[in-house]
Amino acid sequence: MGDLTSNLSGTESFELFNLNQEHILLRKLVRDFAENELDPQALEYDRKEQFNLKLFRQLGDLGLLGITVPEGYGGSGLDALAAVIAHEELSAVDPGFCLSYLAHSMLCVNNLAQNGSEAQKKHWLPKLCSGEWIGAMAISEPHVGTDVMGMQTTALFKNNIYLINGRKMWITNGVIDESGTSADCVWVYAKTLNNLGETEISTFMIEKGMKGFSVGQKIKDKTGMRSSNTAELVFQDCEVPGSHLVGKLGDSLLHMMRNLELERLTLAAMGLGIARRSLQIMNRYANEREAFGHSLNQFGQIQSYIANSYAEYMAAKSYVYQTASRLNLEKGGQRIDSDGVKLIAATMAKNVADRAIQVLGGYGYVGEYVVERLWRDAKLLEIGGGTIEAHQKNITRDLSKNPQILN
Ligand SMILES: Cc1cc2nc3c(=O)[nH]c(=O)nc-3n(C[C@H](O)[C@H](O)[C@H](O)COP(=O)(O)OP(=O)(O)OC[C@H]3O[C@@H](n4cnc5c(N)ncnc54)[C@H](O)[C@@H]3O)c2cc1C
């Protein structure tokens, strides 16, 4: 798969994208894994609609499952830019597998590393970083997605334990195998009451096998991201000891918002991976394929597909890398641009994959040529981790509150 080994742009430099030697080596490590291990199975697992758990655990040996976690807890202690690179490389080959990686390493593991107590981090992080345990994160519910504060899952403190009731929907890694086994632990947001009787949001780490926790339906027949599992999780008087409350009671809105910044940034990075691979494939095909006695890339319409895709991809890449290099994992602080990069990169990826199918004609429409899968997978980026409409709403709100951003 030589198309991944050559850098399409040829312009990547330390200065342009704020990369250091560690980032360059990381890209090589993940790209080697993606080419040699991930690519040969990608189409098969998409078609079977299965998550490759065995292969996923190998990411632990590579130090990728706790990429942003301090080394003392079994992680690699790298920054947001490193997380972007890992997602970009995995997504260029298998975005579905990469979505499972994101749910584990960004939504569950990084959240715990940033917000857990010392005892909680020592207890859970080493197992999650090694791949012995698989994690998930649950905000969304059957009746509530964008309107997060409308969540209906509750946690009630009674007889020294929390009783959690509710359903969580669309949870990536909600199940991890074909027999329907749940993730080993799930970072769950639920509503709690404060002393004044007001509702707030709190976080609980729920482990597989806890009384009252079960898997609802496994969501089948997704358009794309079929090599990751998605499931509904059910909490029925689920009994959770106080030691599984993460952070202070009622304090989780801030966790959620901070972690959403990293989630959106890495989803945007997935869009870069999809776009780069699509460009590589359409560029090569347009050079090789002939029609009317000329290679396809001699035709103006084909040139506009390739050239527009390249310029849009590079613009998105600059924005994603610039935002990543400014994102402080502990403090966040890039809210408007985490919405911005996802807004721009999601639709860019979908459009570039769409143009790649067009350039390949009939061949683009079948699985062997990869771009139809990338196109299906890209669509999720306009929905998951915040819809594009949610990003538009958030950016407009932030600009109206802080017009000086535009100075
Ligand atoms: C494959 C997949 C994996 C997922 N993984 C996870 C996961 O691991 N954990 C998790 O918690 N969630 C996960 N999700 C859920 C995902 O984050 C939600 O689907 C997403 O936030 C949208 O919520 P919704 O589907 O309920 O749509 P809704 O919020 O009901 O929105 C429906 C439509 O209405 C629009 N809309 C809603 N409110 C407004 C508004 N105020 N202004 C304008 N338009 C609006 C939306 O933009 C959208 O177009 C996943 C979803 C999918 C499909």
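The values are calculated or read from the model by the stated rules, or taken from the named source; none is laboratory data. This structure is a prediction, so every number in the text was calculated from the model and none was measured. Ideal geometry is used to build each Cβ from the backbone, glycine not excepted, and the neighbour counts take in all protein chains shown.
Among residues of region 151-177 being at positive phi and within 15 Å of the ligand (Cβ to nearest atom), the one that is surrounded by the most Cβ atoms within 10 Å (Cβ to Cβ) is ASN173. Applying the criterion of being under 20 Å from the mean Cα position of the chain (by Cα) and hydroxyl-bearing (Ser, Thr, Tyr) to the residues of region 109-142, the residue that is nearest to GLU263 (Cα to Cα) is SER140.
Is region 253-261 home to any residue that is of a type outside the set (Val, Ile, Thr), without any contact (Cβ under 8 Å) to a residue 40 or more places away in the chain and under 21 Å from GLU118 (Cβ atoms)? Yes - at least one qualifying residue is present in region 253-261.
Only a single item in (1) in a helix (DSSP H, G or I); (2) touching a Gly at 6+ places or on another chain (Cβ under 6 Å) is not met by SER100, and it is number (2).
Take GLY385 and tell me if it is surrounded by fewer than 16 Cβ atoms within 10 Å (Cβ to Cβ), on the phi > 0 side of the Ramachandran plot and either within 16 Å of the ligand (Cβ to nearest atom) or not charged (D, E, K, R) (or both). The answer is no for GLY385. Confirm whether ILE383 is of a type in the set (A, V, I, L, M, F, W, C) and in contact with a Leu (Cβ under 9 Å, 6 or more places away or on another chain). Here the answer is no, as ILE383 does not meet what is asked. Taking each residue of region 158-171 that is closer than 14 Å to PHE213 by Cα and looking for partners that are more than 16 Å from the ligand (Cβ to nearest atom) and modelled with pLDDT under 95 with beta-carbon atoms closer than 9 Å, six or more apart or interchain, yields LEU163/PHE157. Looking at GLY131, GLY96, just one residue is touching a residue at least 40 places away in the same chain (Cβ under 8 Å) and within 16 Å of the ligand (Cβ to nearest atom), and that residue is GLY96. Within 12 Å of the ligand (Cβ to nearest atom) and small (Gly, Ala, Ser) - does that describe any residue in region 100-120? Within region 100-120, one or more residues are within 12 Å of the ligand (Cβ to nearest atom) and small (Gly, Ala, Ser). Does SER228 fit the bill of being surrounded by 24 or more Cβ atoms within 10 Å (Cβ to Cβ), within 16 Å of the ligand (Cβ to nearest atom), of a type in the set (S, T, N, Q) and within 30 Å of SER325 (Cβ to Cβ)? So SER228 fits the description; yes. Within region 373-407, the set of residues being over 17 Å from the mean Cα position of the chain (by Cα) and part of a loop (DSSP other than H, G, I, E, B) comprises ASN402, ASN407.
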